[in-house]
1. Amide H neighbours of THR95 under 5 Å, at least 5 residues apart or on other chains, H built in the peptide plane: list them.
2. Could you tell me which of the pairs LYS4/LYS74; LYS38/LYS88; LYS74/LYS119; LYS50/LYS99 are separated by over 25 angstrom between their Cα atoms in the structure shown?
Amino acid sequence: MNHKIGFNPLSRTTAHRRAMSRNMVTSLFRYERITTTKSKALEVRKAAEKLITRAKVDSVHNRREVAKFIQDEKILNKLFTEISPRMKERNGGYTRVLKMGFRAGDAADVVLLELVDYKLPTTEDEAPKAKKATKAPKAEKTPSKEAKEPKKTTTTRKSPAKKASAGKTTKAKTEKAAAETAESK
């Protein structure tokens, strides 16, 4: 009997399916949580679980076998040094699939594929980063009104005789604005 040996081709060519699977597994290990369709998640889950099982024993052979599937060296190193040690006590079932609902465009089942020991980022971790990020742009975005005034120029077309006199008036305006800013400081 040939039970449980098939797979879902996902209506893709072999090369496309293999590339998509590699990319999704790499993303799963990078972010430890990805959003995708149910059928893709179930196929990616098979490959991810086999790679984690392989990574539990850190040997040159296992690294080379996993490297055939994951080309990114940083992610490969993360799998062997961070993810697989967390899964040492587990005998399988390293990922979970959570249903999220249906996609708006085509009503496909959308799921969340994540590692079982995934921890949500806490607000304490995000708060210091957010404060640092918001302080710097505020200082840059608030120039004084006087600094903006000299940048204003007129864009109307003028005859050559008027251009010469217009240059003198704009010079006078910029000098006047510079003098005002110097006085205010």
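No value in this document is a laboratory result; all are computed from the given coordinates. Treat the numbers as computed from the prediction; the structure is a model and nothing was measured.
1. VAL116
2. Details: LYS4/LYS74 34 Å; LYS38/LYS88 27 Å; LYS74/LYS119 20 Å; LYS50/LYS99 23 Å.
Violating the 25 Å Cα-Cα cut-off are LYS4/LYS74; LYS38/LYS88.
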